[in-house]
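Down below is the structure, laid out as structure tokens.
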Amino acid sequence: MTQAQKNEKYITSGQKTVDMVYHNLEWIITALAGTLVFIVFVMQVYRIPTGSMAETLRGSHFRLRCQQCGYRYDYDFLGPQVYRMPDNYLPKENVPVLPLSPRCPSCGHYENTGTFVNKQLFQAVPRPVSRGDQIFVLKCIYQFFEPKRWDVIVFKNPIQPQINYIKRLVALPDEKVEIIDGDIYINDKIARKPPHVQEELWMCIYDNDYQPIRPEEKRFNGHTWAQPFEASPAGEWNLKADGTGVFSLDTGADNTVRLLRYNPSQGNDFRATYAYDATMSYPEMPVCSDLMMRYYVKMEGQGAAGARLSKYGIAYEGIVQSDGRMAIYRLENDSGKKLLAEGKCGQMDLSGIQLLRFANTDHLLSLEYGNSRIEYDLGQGKDDAGKDRQSSPTAAIIGYGKLILRHIKLMRDVHYRGADDSQRVLRAYEGKPLKLEADEFFVCGDNSPNSLDARMWDKPALANPGKQYREGIVPRDYLVGKAFFVHFPGSWRFNKENWRKIPYLDGPPEPDGIKIIYGGR
């Protein structure tokens with residue numbers, strides 16, 4: 001190759017400095033162009049502005065820790081509504097926690113975030129405000145793959161297309177969607193959440209590891225605090241086996257099942273409340289009957305451990321015996337039991353301390369012990385799990401033999417609200433299902449009481465000339481992408497915490513940190 005041919009491959013001026021500046025500038029322009037293409041067509045960063053998807057994704061919020069039991073939780077920062085601040089504004093200075101008296105989602109303590117002096121002057125300890133979670137969104141993914149139910153999606157607000165919204169996708173084109181008792185029904189059958197999504201959506205009713213230091217105060221749901229688990233018969237369970245967080249039982253050779261009933265009038269009740277939301281809305285919240293009991297148990301000798309949950313007046317029992325037999329029963333009116341499902345634990349699950357979980361969610365009973373699991377399907381029709389919706393749910397720990405229980409938690413499922421007294425919900429509630437057409441999607445926020453989503457939109461989507469969209473739907477044209485990763489959790493504050501390479505991977509009840517945002521399968 002001649003020198004002339006080599007020179008044709010490069011643009012040169014003959015001056016070394018000029019050539020260096022030119023080629024560096026060329027590289028920078030190429031990098032910027034590649035970044036622009038990446039942002040427009042592949043991936044973009046979004047900051048969560050509001051709490052409509054809490055606790056999955058949080059907008060600007062206060063990080064609180066219960067003054068009594070130490071449980072960590074987040075509380076919505078309502079800048080525009082309460083503080084008269086602009087949308088998406090994050091104050092640099094600390095501000096009082098308003099509305100007053102957030103409630104601990106575990107012990108039920110109403111926090112003293114402020115007091116009135118002489119009934120006029122308000123005094124409060126100002127606190128820092130954490131900004132919303134920052135997420136990655138895969139753009140244009142829905143140009144190549146169909147959206148899936150339970151995806152967390154970003155889309156243009158149909159009423160104000162210049163604004164991006166983020167919600168959970170619950171219904172797809174050509175489906176009929178109906179919200180019944182907090183569950184999503186598609187074409188008259190309950191829609192079950194994938195396991196990873198379900199894990200994200202469990203919410204605390206009571207965590208026995210966090211107990212008040214001053215239980216005599218009368219701010220625990222309006223009364224003093226006492227252990228909400230009550231032994232039946234009294235005296236056989238030791239509720240302070242190794243401090244207040246460990247329960248034990250020793251019935252000897254007697255294999256009659258003993259109960260530890262959860263008393264919702266003593267602890268938090270089963271209403272679908274959100275610690276993230278203002279407490280003045282709590283009394284109007286519906287009851288959630290999809291529950292999960294979980295704890296770590298060590299069985300010594302011959303014994304059994306499990307849980308008992310009721311829904312719509314029907315009680316179910318999941319129990320694991322020390323020989324490895326697992327069983328799910330339905331309790332009959334004549335005090336008998338009907339076996340619904342059975343299985344055998346793996347050999348590795350029969351030694352040491354194991355996690356036991358029994359759940360009734362989306363009309364599916366599941367019993368887990370270590371790595372073993374059995375299920376029973378109650379049916380997907382709206383009445384298959386029972387018709388007595390006025391009956392309050394119940395929860396209890398059961399067992400016999402010699403047991404030691406640690407890390408006891410009672411959880412509830414997310415509860416999507418249908419029609420309510422305020423008439424804010426306009427569609428897709430029980431008795432008024434919505435039939436989607438081609439290229440129409442239906443979305444709901446995980447923080448159902450505080451989410452302005454497809455249930456409530458009261459105007460048709462704005463459209464270009466020649467197109468027309470209905471009320472209450474997200475058109476395919478308005479899909480932006482799929483949220484898939486929280487890469488910078490909003491509660492990470494450089495000036496308040498020691499630096500961490502990976503912030504907030506502490507596990508519950510600490511705030512969620514860097515994580516995958518799970519969606520449909």
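The values are calculated or read from the model by the stated rules, or taken from the named source; none is laboratory data. Given the structure is predicted, the values throughout are model-derived calculations rather than measurements. Quick reminder, even Gly has a Cβ in these numbers, built from the backbone with ideal geometry, and neighbours come from all protein chains shown. With ligands, DNA and RNA removed, areas are computed over all heavy atoms of the protein, side chains included. Shrake-Rupley method; radii C 1.70, N 1.55, O 1.52, S 1.80 Å.
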Q: Test E317 against the stated conditions and say whether it is on the phi < 0 side of the Ramachandran plot and open to solvent by 40 Å² or more (accessible area, probe 1.4 Å).
A: no
(Q) Contact list please: Cβ distance under 8 Å, first residue in region 457-469 and within 17 Å of A438 (Cβ to Cβ), second residue acidic (D, E) and open to solvent by 40 Å² or more (accessible area, probe 1.4 Å), pairs at least six apart or on different chains. (A) P460/E471; A461/E471; K467/D477
(Q) Exactly one of these conditions fails for H407: (1) touching a residue at least 60 places away in the same chain (Cβ under 8 Å); (2) under 15 Å from K311 (Cα atoms); (3) open to solvent by 70 Å² or more (accessible area, probe 1.4 Å). Give me its number. (A) (2)
Q: Go over the candidates A327, A385 one by one and state the one that is over 30 Å from R271 (Cβ atoms) and either of a type in the set (D, E) or surrounded by 15 or more Cβ atoms within 10 Å (Cβ to Cβ) (or both).
A: A327
Q) Which of (1) in contact with an Asp or Glu (Cβ under 7 Å, 6 or more places away or on another chain); (2) surrounded by fewer than 22 Cβ atoms within 10 Å (Cβ to Cβ); (3) small (G, A, S) does G401 not meet, given it meets every other one? A) (1)
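Working only within region 427-444, note down all residues that are more than 22 Å from Y274 (Cβ to Cβ), assigned to a loop (DSSP other than H, G, I, E, B) and open to solvent by 10 Å² or more (accessible area, probe 1.4 Å). So that I can check it myself, show each step before the final result.
Step one: list which residues in region 427-444 are more than 22 Å from Y274 (Cβ to Cβ), which gives 427, 431-441.
Still in the running and assigned to a loop (DSSP other than H, G, I, E, B): 427, 431, 433, 436-439.
Once the filter is applied, which keeps residues that are more than 22 Å from Y274 (Cβ to Cβ), assigned to a loop (DSSP other than H, G, I, E, B) and open to solvent by 10 Å² or more (accessible area, probe 1.4 Å), region 427-444 yields R427, G431, P433, E437, A438, D439.
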Q. For L64, which of the numbered conditions (1) assigned to a strand (DSSP E or B); (2) open to solvent by 20 Å² or more (accessible area, probe 1.4 Å); (3) modelled with pLDDT of 90 or more fails to hold?
A. (2)
Q. Can you name the strands (runs of 3 or more DSSP E) wholly within region 129-219 that have at least 3 residues being within 26 Å of T361 (Cβ to Cβ)?
A. 164-171, 176-180, 183-186, 203-207
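Just checking: which of the strands (runs of 3 or more DSSP E) contained wholly in region 226-277 hold 2 or more residues that are free of Cβ contacts under 8 Å to residues at least 60 places away in the same chain? Before the answer, list the steps.
On the way: elements: 229-232, 247-250, 258-262.
Counting at least 2 such residues, we get 229-232.
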Q: Look at region 333-363 and say how many of its residues are open to solvent by 20 Å² or more (accessible area, probe 1.4 Å), of a type in the set (A, V, I, L, M) and within 18 Å of L410 (Cβ to Cβ).
A: 1
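Among K402, K435, which is in contact with a Leu (Cβ under 8 Å, 6 or more places away or on another chain) and either over 23 Å from Y312 (Cα atoms) or at pLDDT 95 or above (or both)?
Numbers: K435 fails: in contact with a Leu (Cβ under 8 Å, 6 or more places away or on another chain).
Criteria check complete, one pass: K402.
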**Q.** Residue pairs meeting the criteria (Cβ under 8 Å; at least 6 apart or on separate chains; first within 13 Å of Y282 (Cβ to Cβ), in region 97-110; second in a loop (DSSP other than H, G, I, E, B) and among the basic types (K, R))
**A.** Y110/R219
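Taking region 166-198 as the region of interest, how many residues are without any contact (Cβ under 8 Å) to a residue 40 or more places away in the chain and open to solvent by 40 Å² or more (accessible area, probe 1.4 Å)?
First pass over region 166-198, keeping only residues without any contact (Cβ under 8 Å) to a residue 40 or more places away in the chain: 186-187, 195.
Adding the requirement that they be open to solvent by 40 Å² or more (accessible area, probe 1.4 Å) leaves 187, 195.
Matching residues across region 166-198 total 2.
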